[in-house]
1. Any residue at all in the stretch 281-289 that's among the β-branched types (Val, Ile, Thr) and within 25 Å of Ile359 (Cα to Cα)?
2. Kindly state which helices (runs of 4 or more DSSP H) lie completely within the stretch 215-297 and contain at least 2 residues that are in the same structural domain as Arg391 (by TED's automatic domain parsing).
3. Among the residues of the stretch 298-315, which ones are part of a loop (DSSP other than H, G, I, E, B), in contact with a Lys or Arg (Cβ under 8 Å, 6 or more places away or on another chain) and modelled with pLDDT of 95 or more?
4. Would you be able to tell me the number of residues in the stretch 75-92 that are within 16 Å of the ligand (Cβ to nearest atom) and in a loop (DSSP other than H, G, I, E, B)?
5. Is it fair to say His159 is surrounded by fewer than 24 Cβ atoms within 10 Å (Cβ to Cβ) and within 13 Å of the ligand (Cβ to nearest atom)?
Amino acid sequence: MDRRQVLKIGTVAALLTGSKLAAAKRAEEMADVVVVGSGGSGFTAAITAFDAGAKVIVLEKMPITGGNSQLSAGGMNAAETVIQARKSIKDSWEIMFDDTMKGGKNISDPKLVEILAKNSAASIDFLLSLGGDMTDVGRMAGASVNRCHRPTGGEAVGHNLVHTLRQNAIKRGMDVRTGSRAIKLLTDGGKVVGVEVRDRFGRQYDIKAKAVVLASGGFSSNLERVAKYRPEYAGFSSTNQPGATGDGLDLAVAVGAKLRDMDQIQIHPTQAAGSKILITEAVRGNGAIMVNREGKRFVSELATRDAASAAVLKQTGGSAFLILDQNIRKSLKQIEGYYHLALCKEGVTPQELAKACGITDGDALADTIKKYNAFQQAKKDDEFGRADMPRPITEANFISIEIRPGIHYTMGGVVFDTQTRVINESDQPIPGLYAAGEVTGGVHGANRLGGNSISETITFGRIAGAEATAYAKANRST
Ligand SMILES: Cc1cc2nc3c(=O)[nH]c(=O)nc-3n(C[C@H](O)[C@H](O)[C@H](O)COP(=O)(O)OP(=O)(O)OC[C@H]3O[C@@H](n4cnc5c(N)ncnc54)[C@H](O)[C@@H]3O)c2cc1C
């Protein structure tokens, strides 16, 4: 009986008798590399492993692939890229390294940050070679150079990224299974040798593999877990997809993995008030300012996320307003999406806008915009020292979006090394277990810079795919 027949019979039986049958006899399959998670890091690791000759199976617990990577909006940071060169943007991996270390408050692992920065240009090349579009370059908070790459016209990065990776997996005929949750890592003599899977019908089976890559993402949608590490964030909502629950961390800990920085949880300052929609930092990067209910600026809009979120929470009602104009709108296609979602209010004058959105002092808003435009012209923000002011706010209709901070990203995760090997409590690599992406800790320290996560998923995903395949090949006969 071949695997398909076993699965078919198993499916019908599992539907009839549930977990009783699954417990009686579990089917077993073989692979070189199993990848847990189908976001940017999972797909990248899987494609890299497949192209290096490995038999790969990708497991995704949700009904669709893509994870949080699919939702990513602002872009991907990379230094010394072909795209920057075309636009005469001077950057270096060393500046990206410094920005990242500083943004993470110097608690990141410098060896990992060096890998992130040094390999970022090659990761852009990797995506371009797969047919991705990364031709628009802007700036995200905490970056001292324009290095945030995204599709033409400032489209959200996630859709293009995941579509590109998905299409490449399809083109290669890769084995990608949705509705398939990794529930346990199989071990033998301290080595990870596969995964126990529960599929969408409740049936359980084993995949025996030489290596497993954990690419299961973070835990920002697990509000209980967030509150366990940061009680002050209880009651916040999350910008993440519902599958971002952190069960990959539990799988890793069960085989001895060490965790780090678990209390380093990022709140993003601009989640649209009353919704789960994230307003990308690129809106501020492209020129929007942020004002409080009284119509006044209160922080540099390009402050890092932790600083900007803390400042918003201190304002009346714990919320604030992004203020932009038609020029900024034209510069970033993603803003049309916010219109579709009815998140934008408009006014021909600042006073009219204030009325429309609930800012109490329209004249103060008009004054704030006028003052900001003068700073923009003089290229010097005398009030808050904003580093980059690419556009004035002059073209009516003026636009506002009310925002408040939401749980966005978990910097902590499994400890891993420069070869993406997962490290145990005795500071030794766990043979056969690799990790990449948001499930790991150490790359972003105390605060992730916008654009650095997608960069991380591609760079460490590539390394994990290559390392896991090399390990699998070396251990094929054992
Ligand atoms: C709204 C939003 C916008 C963002 N914008 C940006 C941006 O512009 N730039 C940037 O750099 N970063 C951005 N980020 C962050 C970035 O998108 C994520 O950190 C990154 O995509 C994580 O990639 P990943 O591959 O590690 O995890 P994910 O893409 O989340 O993929 C992990 C996958 O693993 C699956 N999974 C989990 N557990 C299991 C299991 N046990 N078995 C099987 N499957 C499992 C999950 O369902 C998920 O599909 C944004 C995040 C959000 C939420």
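1. Within the stretch 281-289, one or more residues are among the β-branched types (Val, Ile, Thr) and within 25 Å of Ile359 (Cα to Cα).
2. Details: elements: 223-229, 247-254, 282-285.
Those helices (runs of 4 or more DSSP H) span 282-285.
3. Residues of the stretch 298-315 that are part of a loop (DSSP other than H, G, I, E, B), as a first pass: 298-304, 314-315.
From what is left, the residues that are in contact with a Lys or Arg (Cβ under 8 Å, 6 or more places away or on another chain) are 298, 300-302, 315.
Those that are part of a loop (DSSP other than H, G, I, E, B), in contact with a Lys or Arg (Cβ under 8 Å, 6 or more places away or on another chain) and modelled with pLDDT of 95 or more: Phe298, Ser300, Glu301, Gln315.
4. Residues in the stretch 75-92 being within 16 Å of the ligand (Cβ to nearest atom) and in a loop (DSSP other than H, G, I, E, B): 4 in total.
5. Working: surrounded by fewer than 24 Cβ atoms within 10 Å (Cβ to Cβ): yes; within 13 Å of the ligand (Cβ to nearest atom): yes.
Spelling it out, His159 is indeed surrounded by fewer than 24 Cβ atoms within 10 Å (Cβ to Cβ) and within 13 Å of the ligand (Cβ to nearest atom).
The values are calculated or read from the model by the stated rules, or taken from the named source; none is laboratory data. Keep in mind that what you see is a predicted model, and the values were worked out from it rather than measured. With ideal geometry, Cβ positions are generated from the backbone for all residues, glycine too; neighbour counts draw on all protein chains shown.
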